[in-house]
Amino acid sequence: MKIALIGYGKMGKMIEQIAIGRGHEIVSIIDIDNQQDFDSDAFALADVAIEFTNPTAAYGNYLRAWEQGVKVVSGSTGWMKEHGDEVRRLCSEGGRTLFWASNFSIGVAIFSAVNRYLAKIMNQFPQYDVEMEETHHVHKLDHPSGTAITLAEEIVENIDRKEAWAEETTDPKLLRVDHIRRGEVPGIHTVRYDSEADLITISHDAHSRKGFALGAVLAAEYTAEHEGLLTISDMFKF
């Protein structure tokens, strides 16, 4: 498979190594200083572009890739509120393909499945209050993390006593989601169910970015054979 990389930071470089190790070819690498390469013949050869940039650049990157007929896999977060409806329309009506996930880690996909199942159980036990916390490196611009938002939405969907999620809230009808930024932490996500009697905690702690990078390459392999708006739940049937 021919892959283009959009964003060549730590994640981009790790994705490159894993993709080559799995027998794929990197045909184009686009970073901040060579945006003109979106219009190159090399980029247009790609079966899939893997995009890890930032909230302000992601949507524009999708549009430029799609103009060249290239499918996109993206782990950029923070753009959904402003551009989500348009992206969904372009994928459903415009023939574009985007595989988007707030987190590509296989471990997080498993953690998410456990989170949904546990929330369904805890819906029956109102004596437990639930809250979340996520910790990331100091370079992460958005908060809470896209993964935390996904996990929070799963909890709200399955627990009737929570109407929505919010940061820094004391409203018992809202799921509190806290964020911490320190050091070079790849990502820690924790869900706590607390009662007077006891505390139940589930947590995912990433040791490195390698799990995210492998998941992104697996998503690219999946995307090459599928179309539309895709996500982790399409690739992993938990």
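The values are calculated or read from the model by the stated rules, or taken from the named source; none is laboratory data. Keep in mind that what you see is a predicted model, and the values were worked out from it rather than measured. Methodologically, a virtual Cβ is constructed for each residue, glycine included, from the backbone with ideal geometry; neighbour enumeration extends over all protein chains shown. Heavy atoms of the whole protein, side chains included, go into the accessibility calculation; ligands, DNA and RNA do not. Shrake-Rupley method; radii C 1.70, N 1.55, O 1.52, S 1.80 Å.
Using heavy-atom solvent-accessible surface (probe 1.4 Å) with all chains present, what is the largest-first order of Tyr222, Tyr128?
Ranking Tyr222, Tyr128 by accessible area, largest first, yields Tyr222, Tyr128.
Once R0 is set to 45 Å, what does the formula 1/(1 + (r/R0)^6) return for the Cβ-Cβ distance between Ala164 and Asp41, expressed as a FRET efficiency to the nearest 0.05? Could you put the intermediate results ahead of the total?
Values: r = 47 Å, r/R0 = 1.05.
E between Ala164 and Asp41, to the nearest 0.05, is 0.45.
What relative contact order, as a whole-number percentage, does the chain give when Cα pairs under 8 Å and 6 or more residues apart are counted? Write out the running numbers ahead of the final one.
Working: 439 pairs, mean separation 53.0, N = 238.
For the chain, the relative contact order is 22 percent.
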| task | Multiply the residue gap between Glu82 and Ser203 by 0.36 nm, knock off their C-alpha separation, and tell me the result in nm, one decimal place. | result | 40.6 nm
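Given axes a ≥ b ≥ c from the Cα gyration tensor, I'd like to know whether the stretch 43-99 is rounded (a/c under 1.5), prolate (a/b larger than b/c) or oblate.
On the way: a/c = 2.04, a/b = 1.20, b/c = 1.70.
Oblate, because a/c is 1.5 or more while a/b does not exceed b/c.
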| task | Check each of the trypsin sites (Lys or Arg not before Pro) in the stretch 187-238 and keep only those in coil by DSSP with at most 16 other C-beta atoms within 10 angstrom; list them in order. | result | Lys237
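Using a simple charge model, +1 on the beta-carbon of Lys and Arg, -1 on the beta-carbon of Asp and Glu, nothing else, what dipole does the stretch 1-101 show about its Cα centre, in debye to the nearest 20?
Values: 10 positive and 14 negative charges, 79 e Å.
With only Lys, Arg, Asp and Glu charged at Cβ, the dipole is about 380 debye.
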| task | Enter the angle in degrees (range 0 to 90, nearest 10) between the Cα long axis of helix 210-223 and the first principal axis of the Cα atoms of the chain, meaning the one along which they spread out most. | result | 60
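Would the stretch 9-66 count as rounded, prolate or oblate if I go by the C-alpha gyration tensor, calling it rounded below 1.5 in a/c and otherwise prolate when a/b exceeds b/c, oblate otherwise?
On the way: a/c = 1.89, a/b = 1.27, b/c = 1.49.
Judged from the Cα gyration tensor, the stretch 9-66 comes out oblate (a/c at least 1.5, b/c at or above a/b).
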| query | In degrees between 0 and 90, to the nearest 10, how far off the longest principal axis of the chain does helix 146-158 point, with axes built from Cα atoms? | reply | 50
| query | The list (1) 0.96; (2) 1.04; (3) 1.00 gives values of Rg/Rh (Cα atoms, Kirkwood Rh), and only one came from this structure; which label was calculated from it? | reply | (3)
| said: Please give me, ordered by residue number, the trypsin sites (Lys or Arg not before Pro) of the stretch 122-185 that lie in loop per DSSP and have at most 16 other Cβ atoms within 10 Å. | reply: Arg161, Lys173, Arg182
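Can you give the calculated 222 nm mean residue ellipticity of the chain, where each DSSP H run of n ≥ 4 adds -39,500 (n - 2.57) and the sum is split over every residue, rounded to the nearest 500 deg cm²/dmol?
Details: 8 runs with 87 residues, N = 238.
Estimated from H runs of four or more residues: -11000 deg cm²/dmol.
Report the relative contact order of the stretch 167-228, percent, no decimals, based on alpha-carbon pairs under 8 angstrom and at least 6 residues apart. Please report the intermediate quantities before stating the final value.
Values: 37 pairs, mean separation 12.3, N = 62.
Reported as a whole number, the value is 20 percent.
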| Estimated vicinal HN-Hα couplings, Hz - the stretch 187-194 in sequence order (Karplus 6.51, -1.76, 1.60; Gly, Pro = x) | x, 10, 10, 10, 10, 10, 10, 10
| field | Loop GluC sites (Glu not before Pro), the stretch 37-106, which have at most 10 other Cβ atoms in a 10 Å radius of their Cβ (DSSP) | value | Glu93
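Taking R0 as 22 Å, what's the FRET efficiency between Leu141 and Ile188 from their Cβ-Cβ distance, rounded to 0.05?
Details: r = 18 Å, r/R0 = 0.80.
After rounding to 0.05, the efficiency reads 0.80.
Given the Cα-Cα distance of Arg116 and Ser233 and 0.36 nm per residue of separation, how much length would full extension add, in nm?
Working: separation 117, 0.36 × 117 = 42.12 nm, distance 1.23 nm.
Net length gain for the segment: 40.9 nm.
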